[in-house]
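Chemist: I have a structure here, written as structure tokens, and I will follow up with some questions on it.
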Amino acid sequence: MPRAVVDRHVRRDFQGLVTANNLPASLELDFRVSALRVGWWLGWAALVAVVVGIAVGADAGHRWLLLALAAAAAAGNLAAMLVPWREWLGKARGSALLDVWCGALIGFVVLLVGVGGSSFSLLLFLAIPFVAVVQVGRRRVLWLATTVVACVLVTVVVSLPAGATAMRLAILAAVVGGTLVVARALRREAAAGAEAAARADLERTLLTEAEHRVKNSLQTAADLLLLGRPAGSAGQPFDLTASRIRSLAAVHRLLSETAAEHVRADQLLSRIVENVEVPLVLDAEPVTLDAASAQRLGLVANELVTNAVRHGSPPLFVKLEGGSRTRLRVEDAGAAWPDISSGLGLQLVRRMAEEGLGGSFELGERSGGGTRAEVVF
């Protein structure tokens, strides 16, 4: 199927899942849950810093109050870790709990600054970007407005010089803006990855269906060919052509069954020789081939086995060896084949081996009697 058609199918299916953030709902949920998990650990790191700051810098009169605030924040952070956000975040209760968490976080920082001094205002550089990332849509706008109010309150409480206040607000705005840009880039990357995965999955599905249809068409062509087969020796060309078609169908059958781009040669050879009516020994290693090489090997193996059945004597031996070079050997135990080297079948084998597989073909006598046909590629 043309790639344009595949792309159209993917876009149509993909757009039905896209949210207002231009990200599929499941991926948006994964992104926000991941951000919340990062927030938990940043919260613990911030609390450790707060406790250290209280221990070394807080006034004795305020120390216990600050420790109580830190303990309450730790309890809240632990409770947030226990919430099943993946199940709740897309529902009203999940949004409400997230609002409570964000409000408690901003309030905690404001109280710390009011009680402990301006040094705790640096926590806003963690809290506000976190709120900006985990909230979406109108809630994000409302919470960013709330953080602006919190910054104003902190400025009033701390009474910093105008220059220092402006610098902190500018840096905070830059941090929030940069965080949102990075978050948006991550969302887009996730969306692109999801679309690529969807396209690859659809292409695999379409390829499997195409291989199945090709296999059925080839099998039907072989059956129709045999329906018109004349009796006697005049029907031999029909048999040969039908067997060649079926060897190609065997490749497409394996491709459709495995939904892969490669074929195991041992399985292919097993399909090719399964209807041989004379004693045959198959010994094949699990060599993996691409579809084109598998088709050529299938034709070669079919021709060699057919010739061994027609001109040799049982039992037949079919052996496939892997390694740096793949070696296919077909032998029989009878007398040497008659001079058929100029026949169409062996000409096809030679061309397939040399031009199609980039290898060589050799026909000779088997030690102990019989004929040995070998293709190396």
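Every number here is computed from the coordinates shown, using simple stated rules; none is lab data. On a predicted model such as this, the values are computed, not experimentally measured, just so you know. Here the Cβ positions follow ideal geometry from the backbone for every residue, glycine too, while neighbour counts run over all protein chains shown.
Chemist: Non-local amide H neighbours of residue 366 (under 5 Å, H modeled in plane, Pro and chain starts lacking H): which ones?
Modeler: 371, 372
Chemist: Another question, if that's okay. Under a crude label model (7 Å from the Cα following the beta-carbon direction), how far is residue 376 from residue 118 in nanometres?
Modeler: Label-label distance for residue 376 and residue 118, simple model: 8.5 nm.
Chemist: For an R0 of 56 angstrom, estimate the FRET efficiency from the Cβ-Cβ distance between residue 281 and residue 86 and round to the nearest 0.05.
Modeler: After rounding, the FRET efficiency stands at 0.50.
Chemist: Additional query: Taking the number of other C-beta atoms within 10 Å as the exposure measure, put 266, 332 in order starting with the fewest.
Modeler: 266, 332
Chemist: Would you please give the FRET efficiency between residue 139 and residue 196, computed as 1/(1 + (r/R0)^6) with r the Cβ-Cβ distance and R0 = 30 Å, to the nearest 0.05?
Modeler: E between residue 139 and residue 196, to the nearest 0.05, is 0.50.
Chemist: Using a 10 Å cut-off around each Cβ, can you sort 110, 376 from fewest to most neighbouring Cβ atoms?
Modeler: Final ranking by Cβ density, sparse to dense: 376, 110.
Chemist: At residue 153 and residue 95, where each label point lies 7 Å from the Cα along Cα→Cβ, what is the point-to-point distance in nanometres?
Modeler: Inter-label distance under the simple model: 2.4 nm.
Chemist: Calculate, in nm to one decimal, what residue 231 and residue 266 gain on full extension: separation in residues at 0.36 nm each, minus their alpha carbon distance.
Modeler: Taking 0.36 nm per residue and subtracting the Cα distance, the gain is 9.2 nm.
Chemist: Output the peptides 43-53, 119-129 sorted from most to least packed, where packing is the average of other Cβ atoms within 10 Å over each peptide's residues.
Modeler: Output ranking for 43-53, 119-129: 119-129, 43-53.
Chemist: Based on the Cβ-Cβ distance from residue 288 to residue 188, what FRET efficiency comes out when R0 is 45 Å, to the nearest 0.05?
Modeler: That gives a FRET efficiency of 0.80.
Chemist: Label-point separation (nm) for residue 51 and residue 63, each offset 7 Å from Cα along Cα-to-Cβ?
Modeler: 1.5 nm
Chemist: Got a sec to turn the phi values of segment 43-55 into Karplus ³J(HN,Hα) couplings, 6.51 cos²θ - 1.76 cosθ + 1.60 with θ = phi - 60°, whole Hz, x for Gly and Pro?
Modeler: Values, residue by residue: x, 5, 4, 5, 5, 4, 5, 5, 4, 4, x, 5, 5 Hz.
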